[in-house]
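Here's the structure, in structure tokens; my notes come after.
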Amino acid sequence: MSAGSSKDARPLTWESGLDIKPVYGPGELEASGGSGAIGQPGAFPYTRGIHPHMYRSRPFTMRQYSGFGTATQTHERFLYLIKQGNTGLNVAFDLPTQCGLDSDNPMAEGEVGRVGMAVDTLADMEEAFDGIPLNEISVSLTINGSAVAIMAMYFALARKRGLDLATLRGTAQNDILKEFVGRGTWIFPVEESVRLVVDTMEFCAQHAPKYSPVSVCGYHIRESGASPAQEMAYGLAIASAYLRRALERGLDADRVARGLTFNFDIYGNLWEQVCKFRAGRRLWARILRDEFGVEDPKSQQLRMIAGGGGGGLTIEQPENNIMRGAYYALASALGGTQTMALCSFDEAYTIPSEHAAKLSLRTMQLLVHEVGLADTVDPLAGSYFVETLTNEMEEKILEVMADLKERGGIVQGIAEGRVQAEVSRHAYEREKKLHSGETKKVGVNIHREEEEERVIEFHPFEQSQADEQRARLAAVRAERDPAAVESALSALGAAASSGANVMPAAIDAVEAYATVGEVCGTLRGVFGTFDEPIRF
Amino acid sequence: MTNAPIKVVIAKPGLDGHDVGAKIVCRALIEAGMEVVYTGLRKSPQAIAQTAVSEDATVLGLSVLSGAHLPLTAKVRAALAELGGAEVALIVGGNIPSQDFAALADLGVAAVFPTSTPMDEIVTFVRRTAAQRSSA
């Protein structure tokens, strides 16, 4: 075997469509656009990260996704996570809550408290966050279709505790456009859904400036089939769509841009992820400055949560997912994330056990305290390979965004189902490559163990918890003032029809203990529901 | 033996919005020359059974990843019986632990295809089922 001979180097192309050479040097870097755009850490265009000292001054926030059953159980898990060293909470809600249905709705049967915490009224939020200081712990609410109701509850809870909303830190996911592409908890038609997102952006810009009302999720688009370049392109296009509408409403670009955060996926090739983050950060800063006139450096910075990609995990040989998680965490740290959340090794098939969730947290702690990932800023900077591919990745992302724009933009593409069809086509191609062995997956199509005994400990679902939740809901319904609920809901309906911001009326309604189902039902009455286009 | 394409309905019952797998299965069946009707998300068991019956589907596939596969399958099975679709071969895919396979079989499910099942297996199963039906 002769080292370095050209026949040793088989062609290699990343999922994003970038061809990879066996060796990179100054010539390749120059050809890709040079090193001029790297810049300094903490300075425009933020290729090297948004803070001058990154993890040396503050390691990334570690925030595991959690929540299940009733508010009481979720509360216990929250306290456990905080005790274990989590510095933020990432709340999972059950599907009825996410779809704007109450626990006693017939469609909710079998789903109450299953994949997250069941929330019907403010009383559930009061119990879940009992004793947790909302102005100290940063809380992320994973809620989209029914975000108006749940965000209203969070703000109502703070208000009841006498907290100024301006002191609240945290984020709501509240990225409805990606729900139409993947994840699927949409409720209202596309345009009306986007309008509600902009209502929350406006409300936060005015009353809760440190609270981030939208976390744009390339994550779920990637999970649904998109390549890393498409993930970033669609994510930035979606963020631009929200921002454009907010500006059309006369909001201040610097202020609104600051409230947009991002959630990205990590699995697959380590370098491809790192280049995706470095290129995306640079591109977003340029888009904000050049297209939206955002001038405040703080507002130009792409802040993100990036961690575990569920899509990379396998049900085969599940312990392999522990190692995958560690490499994804490495990619996340090398990519300069602000917050990390890893998928736990059992997450390919169930809600993480306490043990698995703890291993994920320990993985992140290990990176910071033992392995040296916090030693210096953007350690890959200046690498011929990484800088060349960061340049090429940026070009690729721009290409996808230009194509999207040419075909009518992301909002129209989603409303017509074209974006969904494109992403699902990629998922199908990916599946075929996995099946043919073109894409290698350890334990799945190579080093497979056919005789493997698969013992899965499934997260228990207790019917009694659902019954308990319905009883809690019935009790709240019996105790509240029906006239107050009715008048608050009719004010909400009026705001929705008139085009006024729905948030103040939604907060009043949930304060009167209107349910998630009632708040979303009122909005359904005004907006109707999304009619899913089926395209292949 | 007719040359009419095999007809399959793929459905998402319940509230779970994870449709990547369901759409992959749809594409694989379409590529195999079958006629596929995909219901879209969050369809009620009645609506799903109605679609399967009115489309005269040979196979009805349910995709569930939330863990609610047992109650949802039972409801769809009951709705099929009620609407005169007891003959439709019911298959279930998604995040289904092996310990639930027997319970699904008891509900009259013809086959279970958990996450990471190769597409060929599903295509082959549907073809075989259709062949059995047409020779019966």
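Only the coordinates and a few stated rules stand behind these numbers; no lab work does. Predicted, not measured: the structure shown is a model, and the values here were computed from it. Cβ atoms come from the backbone with ideal geometry, glycine included; neighbour counts cover every protein chain shown.
Here is how the numbers come out for the structure above:
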| item | result |
| --- | --- |
| Given A:276/A:440; A:433/B:75; A:178/A:396; A:405/A:432; A:178/A:440; A:396/B:23, the pairs whose alpha carbons are separated by over 24 Å | A:433/B:75; A:405/A:432; A:178/A:440; A:396/B:23 |
| Selection from A:193, A:146, A:218, by position along the positive dipole direction of the range A:100-227 (Cβ) | A:218 |
| Rounded to 5, percent antiparallel among DSSP beta bridges of chain A | 5 |
| Within the range A:219-242, backbone nitrogen closer than 17 Å to the virtual label 7 Å beyond the Cα of residue A:191 toward Cβ | A:241-242 |
| Cα-projected label distance for residue A:248 with residue A:132, points at 7 Å along beta-carbon direction, nm | 3.6 |
| Sites residue A:355 and residue A:399 - FRET efficiency at Förster radius 60 Å, r taken between beta-carbons, to 0.05 | 0.85 |
| For the range A:223-285, convex hull volume per residue from C-alpha positions, Å³ | 79 |
| Crossing angle, helix A:320-334 versus chain A [Cα axis fit, 0-90 degrees, rounded to tens] | 80 |
| With Cα atoms, 0 to 90° folded angle of helix A:147-160 axis to chain A main axis | 70 |
| Diffusion coefficient, µm² s⁻¹, Stokes-Einstein with Kirkwood Rh over alpha-carbon pairs of the range B:41-136 at 20 °C and 1.002 mPa s | 158 |
| Rounded to the nearest 20 debye, dipole of the range A:118-245 from Cβ charges on Lys, Arg, Asp, Glu | 380 |
| Antiparallel bridges, percent of DSSP beta bridges restricted to the range B:7-135 (to nearest 5) | 0 |
| Lys/Arg +1, Asp/Glu -1 at C-beta; the protein assembly as shown dipole; positive extreme among B:126, A:349, A:155 | A:155 |
| Cα Rg, Dmax (largest Cα-Cα span) when computed across the range A:77-125, Å | 12.6, 39 |
| Loop-resident sites, the range A:266-336, for GluC sites (Glu not before Pro), counting at most 15 other Cβ within 10 Å (DSSP) | A:295, A:319 |
| Nitroxide proxy distance, nm - points 7 Å out along Cα→Cβ at residue A:467 and residue A:210 | 4.5 |
| Charge dipole (debye, nearest 20) of the range B:7-135; +1 at Cβ of Lys and Arg, -1 at Cβ of Asp and Glu | 120 |
| Spin-label model distance (nm) - residue A:323 vs residue A:21, 7 Å beyond Cα toward Cβ | 3.1 |
| Virtual paramagnetic centre 7 Å along Cα→Cβ of residue A:167, amide N under 12 Å, in the range A:100-135 | A:133-135 |
| Counted charge near residue A:216, where neighbours are those whose Cβ lies closer than 9 Å (Asp, Glu -1; Lys, Arg +1) | 0 |
| In range of the label at residue A:526: residues from the range A:402-419 whose backbone nitrogen is under 11 Å from the point 7 Å along Cα→Cβ | none |
| Dimensionless Rg ratio for the range A:62-102, taking C-alpha atoms and the 2.2 N^0.38 Å reference | 1.23 |
| Evaluated at q = 0.18, 0.20, 0.21, 0.22 Å⁻¹: base-10 log I(q)/I(0), Debye formula over Cα of the range A:32-172 | -0.98, -1.14, -1.22, -1.31 |
| Qualifying GluC sites (Glu not before Pro) for the range A:458-536 [loop in DSSP, other Cβ within 10 Å: at most 13] | A:462 |
| Dipole of the range A:276-364, positive end: most advanced residue of A:318, A:337, A:363 [Cβ charges, Cα centre] | A:337 |
| Charge dipole (debye, nearest 20) of the protein assembly as shown; +1 at Cβ of Lys and Arg, -1 at Cβ of Asp and Glu | 1100 |
| Euclidean distance of C-alpha centroids, the range B:33-71 and the range A:256-318, integer Å | 36 |
| Sites residue A:31 and residue A:433 - FRET efficiency at Förster radius 30 Å, r taken between beta-carbons, to 0.05 | 0.55 |
| Hydrodynamic radius (Kirkwood) for the protein assembly as shown, which is based on Cα pairs only, to one decimal in Å | 25.8 |
